[in-house]
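Here the structure comes first, spelled out in C-alpha coordinates, and everything after it is commentary.
The values are calculated or read from the model by the stated rules, or taken from the named source; none is laboratory data. Please read these numbers as outputs of a predicted model, since none were measured by experiment. Virtual Cβ from ideal backbone geometry, glycine too; neighbours counted across all protein chains shown.
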Amino acid sequence: MFFCFFALTSFCQQTDTIVIVKTFDNLTFLKDGKTHNLKDLSGLVAINPEAVKYADKARTNNTFALIFSCAGGFMIGWPLGTYLGGGDPEWTLLAVGAGSLTVGMIFNSCTKKNARKAVEIYNGGAGIPTSKHIQSELGIGLTGNGIGLSLRF
(Lines give C-alpha, C1' and ligand atoms only; values in the text may rest on other atoms or scores of the structure.)
Protein backbone atom coordinates (compact mmCIF):
# COMPACT_ATOMS: atom_id res chain seq x y z
CA MET A 1 0.00 0.00 0.00
CA PHE A 2 2.91 2.36 0.76
CA PHE A 3 4.40 1.79 -2.70
CA CYS A 4 1.07 2.47 -4.39
CA PHE A 5 0.69 5.73 -2.47
CA PHE A 6 4.29 6.73 -3.28
CA ALA A 7 3.78 6.05 -7.00
CA LEU A 8 0.52 7.98 -7.01
CA THR A 9 1.92 11.07 -5.31
CA SER A 10 5.21 11.21 -7.19
CA PHE A 11 3.68 11.04 -10.67
CA CYS A 12 0.78 13.43 -10.06
CA GLN A 13 2.85 16.58 -9.64
CA GLN A 14 2.10 19.52 -11.88
CA THR A 15 4.79 21.15 -13.93
CA ASP A 16 5.89 24.60 -12.87
CA THR A 17 5.52 26.31 -16.23
CA ILE A 18 4.15 29.62 -17.41
CA VAL A 19 1.87 29.85 -20.43
CA ILE A 20 1.24 33.11 -22.30
CA VAL A 21 -2.44 33.65 -23.06
CA LYS A 22 -2.90 36.05 -25.96
CA THR A 23 -6.12 38.01 -25.86
CA PHE A 24 -7.10 40.85 -28.19
CA ASP A 25 -3.80 42.71 -27.72
CA ASN A 26 -2.89 42.04 -24.13
CA LEU A 27 -0.43 39.64 -22.57
CA THR A 28 -1.74 37.49 -19.76
CA PHE A 29 0.28 34.77 -18.08
CA LEU A 30 -1.12 31.54 -16.72
CA LYS A 31 0.73 29.72 -13.93
CA ASP A 32 -0.73 27.10 -11.59
CA GLY A 33 -4.22 27.84 -12.87
CA LYS A 34 -4.03 31.55 -11.97
CA THR A 35 -3.81 34.41 -14.43
CA HIS A 36 -1.22 37.12 -14.01
CA ASN A 37 -0.44 40.34 -15.87
CA LEU A 38 2.85 41.82 -17.06
CA LYS A 39 3.51 43.49 -13.69
CA ASP A 40 3.59 40.05 -12.04
CA LEU A 41 5.95 38.47 -14.58
CA SER A 42 9.17 39.43 -12.75
CA GLY A 43 7.87 37.81 -9.60
CA LEU A 44 6.79 34.68 -11.46
CA VAL A 45 10.25 34.12 -12.97
CA ALA A 46 12.20 35.35 -9.91
CA ILE A 47 14.19 32.13 -9.52
CA ASN A 48 15.92 32.66 -12.89
CA PRO A 49 17.99 35.91 -13.08
CA GLU A 50 18.23 35.87 -16.87
CA ALA A 51 14.44 35.51 -17.21
CA VAL A 52 13.98 38.39 -14.73
CA LYS A 53 16.21 40.54 -16.94
CA TYR A 54 13.94 39.95 -19.95
CA ALA A 55 10.78 40.40 -17.84
CA ASP A 56 12.06 43.79 -16.62
CA LYS A 57 12.88 44.80 -20.21
CA ALA A 58 9.34 43.82 -21.22
CA ARG A 59 7.85 45.94 -18.45
CA THR A 60 10.04 48.95 -19.37
CA ASN A 61 9.13 48.62 -23.04
CA ASN A 62 5.46 48.38 -22.07
CA THR A 63 5.73 51.67 -20.17
CA PHE A 64 7.25 53.44 -23.17
CA ALA A 65 4.65 51.87 -25.47
CA LEU A 66 1.88 53.22 -23.27
CA ILE A 67 3.39 56.72 -23.15
CA PHE A 68 3.97 56.99 -26.89
CA SER A 69 0.63 55.41 -27.81
CA CYS A 70 -1.41 57.66 -25.52
CA ALA A 71 0.42 60.76 -26.70
CA GLY A 72 -0.01 59.69 -30.32
CA GLY A 73 -3.71 59.01 -29.83
CA PHE A 74 -4.19 62.45 -28.30
CA MET A 75 -2.22 64.15 -31.10
CA ILE A 76 -4.30 62.33 -33.71
CA GLY A 77 -7.62 62.89 -31.96
CA TRP A 78 -7.24 66.63 -31.31
CA PRO A 79 -6.95 67.70 -34.99
CA LEU A 80 -9.66 65.26 -36.03
CA GLY A 81 -11.99 66.63 -33.36
CA THR A 82 -11.18 70.17 -34.46
CA TYR A 83 -11.89 69.24 -38.09
CA LEU A 84 -15.17 67.54 -37.23
CA GLY A 85 -16.14 70.52 -35.08
CA GLY A 86 -15.70 72.87 -38.05
CA GLY A 87 -12.45 74.51 -36.91
CA ASP A 88 -9.08 74.83 -38.60
CA PRO A 89 -7.10 71.71 -37.60
CA GLU A 90 -3.34 71.51 -37.14
CA TRP A 91 -2.44 68.72 -39.56
CA THR A 92 1.21 68.61 -38.52
CA LEU A 93 0.06 67.61 -35.04
CA LEU A 94 -1.79 64.70 -36.63
CA ALA A 95 1.35 63.63 -38.53
CA VAL A 96 3.47 63.81 -35.36
CA GLY A 97 0.79 61.80 -33.55
CA ALA A 98 0.89 59.12 -36.25
CA GLY A 99 4.67 58.92 -35.81
CA SER A 100 4.33 58.69 -32.04
CA LEU A 101 1.72 55.95 -32.39
CA THR A 102 4.08 54.03 -34.68
CA VAL A 103 6.88 54.28 -32.11
CA GLY A 104 4.42 53.02 -29.49
CA MET A 105 3.62 50.00 -31.67
CA ILE A 106 7.33 49.23 -32.04
CA PHE A 107 7.78 49.34 -28.27
CA ASN A 108 4.72 47.09 -27.89
CA SER A 109 6.29 44.57 -30.25
CA CYS A 110 9.49 44.63 -28.18
CA THR A 111 7.39 44.09 -25.04
CA LYS A 112 5.88 40.92 -26.46
CA LYS A 113 9.23 39.65 -27.70
CA ASN A 114 10.93 40.14 -24.32
CA ALA A 115 8.01 38.63 -22.40
CA ARG A 116 8.07 35.55 -24.63
CA LYS A 117 11.84 35.27 -24.16
CA ALA A 118 11.48 35.51 -20.36
CA VAL A 119 8.84 32.77 -20.33
CA GLU A 120 10.88 30.61 -22.68
CA ILE A 121 13.99 30.94 -20.51
CA TYR A 122 11.99 30.23 -17.34
CA ASN A 123 10.33 27.16 -18.85
CA GLY A 124 13.73 25.92 -19.98
CA GLY A 125 12.85 25.87 -23.66
CA ALA A 126 12.23 22.13 -23.42
CA GLY A 127 9.46 22.02 -25.98
CA ILE A 128 6.90 23.29 -23.49
CA PRO A 129 4.22 25.33 -25.24
CA THR A 130 4.61 28.94 -24.16
CA SER A 131 1.39 30.38 -25.53
CA LYS A 132 -2.27 29.74 -26.08
CA HIS A 133 -4.18 31.91 -28.51
CA ILE A 134 -7.75 32.85 -27.74
CA GLN A 135 -9.43 33.06 -31.11
CA SER A 136 -10.75 36.56 -31.76
CA GLU A 137 -11.75 38.33 -34.93
CA LEU A 138 -12.11 42.06 -35.55
CA GLY A 139 -14.18 43.12 -38.53
CA ILE A 140 -15.74 46.14 -40.19
CA GLY A 141 -18.80 45.53 -42.29
CA LEU A 142 -22.42 46.19 -43.02
CA THR A 143 -24.95 45.43 -40.34
CA GLY A 144 -28.70 45.80 -40.16
CA ASN A 145 -28.32 49.39 -38.92
CA GLY A 146 -25.51 50.51 -41.26
CA ILE A 147 -21.76 50.12 -41.04
CA GLY A 148 -20.45 48.49 -37.89
CA LEU A 149 -17.40 47.27 -36.08
CA SER A 150 -17.57 43.74 -34.68
CA LEU A 151 -15.33 41.81 -32.33
CA ARG A 152 -15.93 38.07 -32.08
CA PHE A 153 -14.39 35.74 -29.49
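Just name the residue that is nearest to S109 (Cα to Cα) out of those in the stretch 28-67 that are among the aromatic types (F, W, Y) and surrounded by 17 or more Cβ atoms within 10 Å (Cβ to Cβ).
If we take residues in the stretch 28-67 being among the aromatic types (F, W, Y) and surrounded by 17 or more Cβ atoms within 10 Å (Cβ to Cβ), then Y54 is nearest to S109 (Cα to Cα).
Residues in the stretch 42-65 that are farther than 16 Å from N114 by Cα and under 15 Å from the mean Cα position of the chain (by Cα): how many?
Number satisfying all stated conditions: 0.
In contact with a Ser or Thr (Cβ under 9 Å, 6 or more places away or on another chain), at negative phi and either loosely packed, with under 11 Cβ neighbours inside 10 Å or modelled with pLDDT of 85 or more (or both), is that true of F24?
So F24 fits the description; yes.
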